[in-house]
Amino acid sequence: MYKALLFDLDGVLVDTAKYHFIAWKKLADELGIPFTAQDNERFKGVSRARCMEILLELGGRTMSEADQIFYRDKKNQIYVGYIRNMGEDEVLPGVTDFLQDAKARGYAIALGSASKNSRLILDRLHLTQYFDAIIDGTKVSRAKPDPEVFLQGAAELGTLPRECIVFEDATAGIQAAHAGGMQAVGIGDSQTLPEADIHVPGFLGVTIENIEAELAK
Ligand code: B16
Ligand code: MG
């Protein structure tokens, strides 16, 4: 019944949040804005431009659009410096086996991420080969919870929304999947992601067969 699997990137396939945090923290320090790991939670799944706005809100600051572009580019240069050095060992546990098995069973696979660096990240992780479509921040204009990123993914894969399963670690992503008429698997627990259809803590020991069986319950 399901034909396609759509994956968020950060928090699902890889933990890039730690590098985003280091880079935003460096920028926050430069701007004299206090910024904690807890503040960084608000940045997950959110576009770079929106992260910059949230940082300024945290510091009670305003800034011209031109300066915001300058500083978020600066943050990105710091971030890219880290992700360029990432290796296959940073793929989250069980992910490669899960993708390999799903591919072998004939599922179409797409990425649905807010990141504009997704291609570099997938390359560094040696995961590009598994993806039939890559929909990311360079292709969409509306951020999750808008379903655009996943609907584009389904369209590129040539599948209907009801044939798609989305894997997400953020509430906005779960909402985007549902808004697009897709099933949503929450990577996390039911307290953090109450709206997900089912939950798994991660991909270790999990197969697409398990997921389909859980969704059918
Ligand atoms: P970039 P996801 C998101 O990835 C991150 O969670 C979020 O923190 C980041 O701001 C966003 O990508 C944009 O990333 O600066 O690389 O374009 O969870 O949508 O895969
Ligand atoms: Mg995410």
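The values are calculated or read from the model by the stated rules, or taken from the named source; none is laboratory data. Keep in mind it's a predicted model, so treat the numbers as computed, not measured. No Cβ is skipped: glycine too gets one built from the backbone with ideal geometry, and neighbour counts run over all protein chains shown. Heads up: the accessible areas ignore ligands, DNA and RNA and are worked out on the full protein's heavy atoms, side chains in. Shrake-Rupley method; radii C 1.70, N 1.55, O 1.52, S 1.80 Å.
Listing for the model above:
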read-out	value
Any chance residue 134 is closer than 27 Å to residue 73 by Cβ, β-branched (Val, Ile, Thr), part of a helix (DSSP H, G or I) and open to solvent by less than 20 Å² (accessible area, probe 1.4 Å)	no
Residue among 95, 80 that alone is surrounded by fewer than 17 Cβ atoms within 10 Å (Cβ to Cβ), aliphatic (A, V, I, L, M) and at pLDDT 95 or above	80
Region 1-21 - residue that is surrounded by fewer than 16 Cβ atoms within 10 Å (Cβ to Cβ) and of a type outside the set (Asp, Glu) and, of those, modelled with the highest pLDDT	18
Residue in region 119-126 that is aliphatic (A, V, I, L, M), within 27 Å of residue 146 (Cβ to Cβ), open to solvent by 20 Å² or more (accessible area, probe 1.4 Å) and within 10 Å of ligand 1 (Cβ to nearest atom) present	yes
Which listed residue, of 59, 106, 87, 112, is surrounded by fewer than 16 Cβ atoms within 10 Å (Cβ to Cβ) and in contact with a Phe, Trp or Tyr (Cβ under 9 Å, 6 or more places away or on another chain)	59
Those residues of region 28-54 which are of a type in the set (D, E, K, R) and not in a loop (DSSP other than H, G, I, E, B), in sequence order	29, 30, 39, 41, 48, 50, 53
Qualifying positions in region 1-29 - among the hydroxyl-bearing types (Ser, Thr, Tyr) and within 9 Å of ligand 1 (Cβ to nearest atom)	16
Restricting region 22-51 to residues that are among the acidic types (Asp, Glu) and farther than 17 Å from residue 188 by Cβ, the residue that is surrounded by the most Cβ atoms within 10 Å (Cβ to Cβ)	39
Some residue of region 55-62 being within 13 Å of ligand 1 (Cβ to nearest atom) and farther than 13 Å from residue 16 by Cβ	yes
Residue 67 vs. criteria closer than 24 Å to residue 204 by Cβ and either assigned to a helix (DSSP H, G or I) or more than 16 Å from ligand 2 (Cβ to nearest atom) (or both)	no
